[in-house]
Amino acid sequence: MSREILLVDDQVEVLDHLKKVLASRHYEVFTARSGEEGLRQLARRADSLGLVILDLDLGAGSDQGLTVLEQMKHACPDVPVMILTGKGTARNAVRAMKLGAVDFLEKDLYLAEHLEARVERVNQFLGLVEENRRLKLERDRLSRTAGYYHDLIRDRYELVGSSQPMVELRNKVTALASIPRPVLIRGERGTGKELVAAQIHYLGTRAAKPFVVVNCAAIHGELLESELFGHEKGAFTGAESQRIGRFEMADGGTLFLDEIANSSVGFQEKILRVIEYQQFERVRGTETVHVDVRVVAATNADLERLMETHAFREDLYDRLSFQTIHTPPLREHLGDVPELVRHFLTRFKAEVPSVTAVQASDHALRKLMEYPWPGNVRELKNVIERAATLSREEVVDAEHLELKSPGERHAPTGFAEQICTVECSLILDALRRTDFSQTNAARLLGMSYDQFRHYFRKYREQLKA
């Protein structure tokens, strides 16, 4: 409650006495000797007044005080009014409470002694009112926020499918969303690991904070530390100013480390330290940066085999796998294909209005459900979008589907395909032998770093698999 109080009473001695008592308690007191003056003072000070103390008997009968009270509540309903009453006016005091007064105080020999306790009681009451108002506003805000994030998940990060594997996946995501611990998402490429990470974030208590994504496989090993932790000016050639890293960007929210297995063992140790202690130093920095970040990591790698060969730290695995979520491959929930097809066609039509296709024929759906989907849902999405661009009708038919044959997928026979297979194998082997350091892998293969990056980008999808 504000420390400003307005006293309205026609008796000068009462005003002086109460003003002295209240001033001694560090309240700033304003006085008025009539209802009209009290209303004028209220109008001038409505934004700063914490309380009005109003006498019911203002010299022209008790009804005048009730009239003034009613006018005050009509003009400034949020300013609380306490009533002073003489003996024998209990009935009017009750009427005053019905008109909106917060309390009443009887004029007697103990008025001064009782005043402080009553003002304190009003303070407590107003504190509860304010807290209730704040909680209501917070509830309304959370309701609007929940609606916003529900729409965000539906429009951008929806996990589509009604099969048992998808129902179990959504249930586990919901159960883990608000638990402030790391989560490890494992699954084949194209199974929606980033969508799962986003849902974990936006369904939890950190939804209003940042969701930051880092693809560990796409960043040069020597730059990954700077990318995640930031660097100070002059930390390396080209570092012309201080730069904050992804951990700082995600403060209060969630950091999603995609393809975590593609980071070096040395770097994994640094990630483990940040997860454990929520603090780090920027590259070439001396100041300790404290953060509050939930880490969600994902990989399609065989972590057990990598740990056996010491290419992935067991202690980091233990920390990340507080809870593990497995994203099912599409071949395990082929019954969801029709629903996924409708979803992708609807989304693609919204993005590209010129597309005419809005559904798939029964023949096309049968063909899609017979396909093994090595690239999972991501591959299905690409196939459907390509088919929609080929179709000139409202229906995508089997002839519009570009599906690879088993021979095309597994047995490269052409000279160029065999060369690509060998190149990809050499790149992957060099990465594994050098703890996924692209610089060291390039050196091992006798390449320049730029040459290695060319091949790395060329075979990125195969390396993920």
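General observations
- Any hit, region 75-96, residues being modelled with pLDDT of 70 or more, in a loop (DSSP other than H, G, I, E, B) and among the acidic types (Asp, Glu): yes
- Scope region 50-65; condition at pLDDT below 85, hydrophobic (A, V, I, L, M, F, W, C) and either touching a Leu at 6+ places or on another chain (Cβ under 9 Å) or surrounded by fewer than 22 Cβ atoms within 10 Å (Cβ to Cβ) (or both); matching residues: LEU56, ALA60
- Only one of the numbered conditions (1) of a type in the set (A, V, I, L, M); (2) in contact with a Gly (Cβ under 9 Å, 6 or more places away or on another chain); (3) closer than 30 Å to ILE275 by Cα is violated by LEU320, and that is (2).
- Of residues in region 9-21 being touching an Asp or Glu at 6+ places or on another chain (Cβ under 8 Å) and either modelled with pLDDT under 85 or not in a helix (DSSP H, G or I) (or both), the one farthest from THR85 (Cα to Cα): VAL21
- The listed residues are ALA261, ALA217, and the only one of them that is aliphatic (A, V, I, L, M), under 20 Å from VAL183 (Cα atoms), part of a helix (DSSP H, G or I) and modelled with pLDDT under 85 turns out to be ALA217.
- For first residues located in region 263-277 and closer than 20 Å to ASP292 by Cα, partners that are surrounded by fewer than 17 Cβ atoms within 10 Å (Cβ to Cβ) and not small (Gly, Ala, Ser) and lie 6+ apart or on another chain with Cβ distances below 7 Å form the pairs LEU272/ASP315.
- PHE256 vs. criteria part of a strand (DSSP E or B), assigned by TED's automatic domain parsing to the domain that holds LEU306, over 21 Å from ALA441 (Cα atoms) and not hydroxyl-bearing (Ser, Thr, Tyr): yes
- When ARG189, ARG181 are checked against the criterion of being at pLDDT 90 or above, within 17 Å of PHE247 (Cα to Cα) and either in contact with a helix residue (DSSP H, G or I) (Cβ under 7 Å, 6 or more places away or on another chain) or assigned to a loop (DSSP other than H, G, I, E, B) (or both), ARG181 stands alone in meeting it.
- Residue check for ALA357: over 24 Å from GLN164 (Cβ atoms) and not in a loop (DSSP other than H, G, I, E, B): no
- Scanning region 420-448 for residues that are assigned to a helix (DSSP H, G or I) and of a type outside the set (A, V, I, L, M) turns up CYS420, THR421, GLU423, CYS424, SER425, ASP429, ARG432, ARG433, GLN438, THR439, ASN440, ARG443.
- Single residue of region 1-32 satisfying the filter (of a type in the set (Ser, Thr, Tyr) and in contact with a strand residue (DSSP E or B) (Cβ under 8 Å, 6 or more places away or on another chain)) that is farthest from VAL68 (Cα to Cα): TYR27
- For the criterion of being assigned to a helix (DSSP H, G or I) and of a type outside the set (S, T, N, Q), GLU393 fails.
- Lone qualifier among GLU37, GLU70 - being over 50 Å from the mean Cα position of the chain (by Cα) and either surrounded by fewer than 21 Cβ atoms within 10 Å (Cβ to Cβ) or of a type outside the set (A, V, I, L, M, F, W, C) (or both): GLU37
- Qualifying residue in region 441-454 (condition: modelled with pLDDT of 75 or more, closer than 30 Å to LEU345 by Cα and loosely packed, with under 12 Cβ neighbours inside 10 Å): no
The values are calculated or read from the model by the stated rules, or taken from the named source; none is laboratory data. These numbers come from a predicted model, not from an experiment. Note that each Cβ is placed from the backbone with ideal geometry, even for glycine, and that neighbours are counted across all protein chains shown.
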